[in-house]
1. Mind checking which lysines have their Cα closer than 17 Å to the Cα of residue 9? Skip sequence neighbours fewer than 8 apart in that chain.
2. For residue 54 and residue 68 in one chain, what is 0.36 nm times their gap in residues minus the Cα-Cα distance, to one decimal in nm?
3. Going by a ≥ b ≥ c, the root eigenvalues of the Cα gyration tensor, does the range 46-98 fall in the rounded group (a/c under 1.5), the prolate group (a/b larger than b/c) or the oblate group?
4. Taking amide H positions as placed 1.01 Å from N in the peptide plane, with prolines and chain starts having none, which residues 5 or more places from residue 82, or on another chain, fall under 5 Å of its amide H?
5. In a shell of Cβ-Cβ distance under 14 Å around residue 43, excluding residue 43 itself, what net charge do Lys and Arg (+1) and Asp and Glu (-1) give?
6. Under 20 Å Cα to Cα from residue 119, which lysines show up? Leave out anything in the same chain fewer than 8 places away.
7. At 7 Å along the Cα-to-beta-carbon direction for both residue 123 and residue 4, put a label point, then send me their distance in nm to one decimal.
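Just so you know, all these numbers are worked out from the coordinates, no wet-lab data involved. The shown structure was predicted, so the numbers you read here are calculated from the model rather than taken from an experiment. Don't worry about glycine lacking a Cβ; one is built from the backbone with ideal geometry, like all the others, and counts go over all protein chains shown.
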Amino acid sequence: GHYLQAGIKDISQSFRTPVLSIQGVADSSIAGGFGLIEHSSKLTCVSAVKQHDDRESLVVRTYNLCSETVSDTLTFGLDVAAVWKTDLLEVRAGRLQPASPRELEINLEPHEIVTLEVKLAERNRMS
């Protein structure tokens, strides 16, 4: 059968081992909370997340697995200050408007690879 109908992506992801982390404090630990990024569609895949080579932002690469246009929502664990669509060399091609402070809705054409540059909002730091 077809790999999308067989759920091969979900099966392969079930073999991934999640990274365990503990947020340390002086006298104990706090269990983890939200993740950095999640996506809503089973027909897309986030293939890379890294810090931009030249700026204080993240590069997120996602792609459409199928031969149909797919809508996907990327949900970030922190507020987003700005998002740009970039080319594969990470040169900004146009600014995108998030649906909310933590959500970005995108449409991916058939088999399209989309690269985004995401600037996270500054967080208040405790002193």
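1. Reachable lysines: 42.
2. Answer, rounded to one decimal: 1.6 nm.
3. Details: a/c = 1.66, a/b = 1.38, b/c = 1.20.
Here the range 46-98 falls in the prolate category.
4. The list, which skips near neighbours in sequence, is 119.
5. -3
6. 50, 85
7. 3.7 nm
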